[in-house]
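Read-outs throughout are calculated quantities, based only on the coordinates presented, and are distinct from any laboratory measurement. Everything quoted here is computed from the prediction, not taken from an experiment. Positions of Cβ are generated from backbone atoms using ideal geometry, with glycine treated the same way; all protein chains shown enter the neighbour counts.
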């Protein structure tokens, strides 16, 4: 299995697991919480069949990557992504993030620029700022995040069940858009994450991305369901679209948070159409 080292903890390397398949222009897919690259299988298959070099990786703390006790913030996540981009010498890449993975896309472009990137895709985004504050009254009350972290500490596995229920809108979509088997598969992948990463990532969700947005100078596709029960659409995608002059927002009627799985055909077609469009000149 291929790994890239992004740091050390005491005497041990912090290695990120990645998969790099196919040829053509590169596409890097960054999974949402608390999952890993495996949950992007419907997108990776479509991209490979369309002739793209397709790269997934597991962020620190998740999947097959190392599980250090620190580094669960978006500056560190973006730095990890930069190591991957540099080590693989990727050029004209498309970055695709889902949910928590949208944070890496936005923070990477803000911190490291677009020299290696031609465009980005934000699926069920975190941005612009999820947590409520005096200058962000539209956000979610911070007590909710503390409740998530308390639940993770008390019984992480029970919390994962609650999360997967919300991820798929399972009571509504079971047997229609998602099978019981796929639900169990996602739960199992989520259980592979470290307890520390699962807990500390909830703090990262509350980061402010508003200062990052004006720095993004490549075309961006935003897709989100208006029945997203994890990252509420009115707080995230609906606000984000008008704040990004390089972005196009597609609102998916009735769709839940987990659109890379439940609405894979629609998502994949939109991504393919987006990547066929000529990239706009950078500012």
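Please work out the FRET efficiency for the pair residue 158 and residue 227, using the Cβ-Cβ distance as r and a Förster radius of 25 Å; give the result to the nearest 0.05.
0.60
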| remark: The FRET efficiency for residue 253 and residue 133, from their Cβ-Cβ distance with R0 = 22 Å and rounded to 0.05, is 0.15
| query | Shape of the stretch 113-182 from its Cα gyration tensor (a ≥ b ≥ c, root eigenvalues): rounded if a/c is under 1.5, otherwise prolate when a/b > b/c, or oblate? | reply | oblate
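If a/c stays under 1.5 just call it rounded; otherwise compare a/b with b/c (prolate if a/b is bigger, oblate if not). Do that for the chain, with a ≥ b ≥ c from the square roots of the Cα gyration tensor eigenvalues.
Since a/c stays below 1.5, the shape of the chain is classed as rounded.
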| Counting DSSP beta bridges in the stretch 3-276, what percent are antiparallel, to the nearest 5? | 30
| message | Suppose a student asked you for the relative contact order of the chain, using Cα pairs under 8 Å spaced at least 6 residues apart; what percent would you report? | response | 20
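Given the DSSP H assignment, sum -39500 (n - 2.57) over each helix run of at least 4 residues in the chain and divide by its residue total; what's the result at 222 nm in deg cm²/dmol, nearest 500?
Estimated from H runs of four or more residues: -12000 deg cm²/dmol.
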| remark: Residue separation between residue 238 and residue 92 times 0.36 nm, minus their alpha-carbon distance, gives in nm 49.8 nm
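How would the stretch 40-121 be classified by its alpha-carbon gyration tensor: rounded, prolate or oblate, with rounded meaning a/c under 1.5 and the a/b versus b/c comparison settling the rest?
Note, shape of the stretch 40-121 comes out oblate.
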| field | Spin-label proximity, residue 272 to the stretch 34-60 - amide N less than 15 Å from point 7 Å beyond Cα toward beta carbon | value | 42-53
